[in-house]
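A short write-up of the structure that comes next.
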Amino acid sequence: MAQIRPFRAYRPRVGLEERIAALPYDVYSREEACEVVRRNPYSFLGIDRAETQFGEETDTYAPEVYEKARSMLREQIAEGRFVREESPCYYLYEQTMDGRSQTGIVACASIDDYQSNVIKKHENTREDKEQDRIRHVDVCNMQTGPIFLAYRANDTLRRIVAETRKAEALYDFVSEDGVEHRVWVLSDPELVREVGDAFAKIPDLYIADGHHRCASAVKVGLKRRREHPDDTGEEEYNYFLSVLFPDEELHILDYNRVVRDLNGLTKEEFLAKVSENFRLTKVGETPFSPAEKGCFGMYLDGAWYSLAAKDEIKSADVVDGLDVSILQSWLLAPILGIGDPKTDKRIDFVGGIRGLKELERRAQTDMRVAFSLYPTSIQELFAVADAGRLMPPKSTWFEPKLRSGLFLHDLEA
């Protein structure tokens, strides 16, 4: 069962939350991060990506970059940009985008639950990507970016969330991308107890987004355990910063594909091969977004096509039956020669938040053909994780993204 506990967060002083809150560190290139921090020196991205404080000659992963992050964080706490809660509590974090809201409980989750697979994963992590956040968390002695966790909704937590949301929000602002963010403090001792008890009855939690941040936080905690032989398991480094959302509120966007060429085929040869396993219909110039599972859109040479997977290539297997798997196994690999989408430079991935016009633009510039997919569902994600399996790369795109800098978890206090 899940171990969830409250914590004494460092959080922005009221009035600074809109300026400090930042999108996750990994959605920006170095150039983009520098521009964001130049426009807004209060942005937490300056700490999450402290190479923005140096010239291009400084390596992104140089030791002085992590030391700069630590010193900036401590200086900003000292000057009062951040305040600290007097006693451990939870928070509610509500995000509203395009009229749809999701409300998560901000808490600390257990590294033991990660180790024992109470917290389930659906994708692999890469060591090189982990190392950056391991060093950032370890040097700063602070977890700054929350992990996006999901759970199967239950009545107790619905009631607690509804009761807490009746109060005035601590923070209420709209970020530059049009997403509204609202935060409440959940500090009533009885409700705090009920939250912990409710999660203690939930058998599984799921990483929705942030696998690398989660793996890094766990590895820092395990490192601290080795450094402290008298570890009791209650120390803060045994827990990591999370926001837990009920499955019924989550919305996964499509994660689309663009490919550089037709693998030496003519357009006619390519369409003929596609027609062997997909029912191919030319739609025309109107962008085509699949309306159901097993259906795909394709943009080639200025025209959109509808591709419907034939019954013989569909599968009841939790991984092979995913639309991203069908496209990979029956079109991208055998026809376009994309054997390993994680390493092949001829394929790129476009989050659904960018829209179908971005697929058209890419296919008209640096790529040749684009594919729009029906989104993976949260139930499919749960099924893959429950089976102990992994999804193909770039299977899910969650929006809106959690902001960094709103909640900080000190590893020692």
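Tabulated data
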| item | result |
| --- | --- |
| q = 0.09, 0.11, 0.17, 0.22 Å⁻¹, segment 255-374: log10 I(q)/I(0) [Debye, one scatterer per Cα] | -0.20, -0.31, -0.79, -1.45 |
| Extension gain, A316 back to K201 (0.36 nm per residue minus Cα-Cα distance, nm) | 38.4 nm |
| Mean ellipticity per residue at 222 nm, deg cm²/dmol - from DSSP H runs of n ≥ 4 across the chain, formula -39500 (n - 2.57) | -9000 deg cm²/dmol |
| Loop sites in segment 15-122: GluC sites (Glu not before Pro), DSSP, at most 12 other Cβ within 10 Å | E56, E57, E79, E86 |
| GluC sites (Glu not before Pro) within segment 126-216, DSSP loop, no more than 11 other Cβ atoms inside 10 Å | E168, E176 |
| Length added when fully stretched, V83-S116, from 0.36 nm per residue minus Cα-Cα | 8.5 nm |
| Relative contact order (%) - criterion: Cα under 8 Å, at least six apart; region: the chain | 24 |
| Rg to Rh, two decimals, where segment 48-108 supplies the alpha carbon set and Rh follows Kirkwood | 1.15 |
| Trypsin sites (Lys or Arg not before Pro) restricted to DSSP loop in segment 87-146 with at most 14 other C-beta within 10 Å | R126 |
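A short reminder: the numbers here are calculations on the coordinates, not readings from a lab. These numbers come from a predicted model, not from an experiment. With ideal geometry, Cβ positions are generated from the backbone for all residues, glycine too; neighbour counts draw on all protein chains shown.
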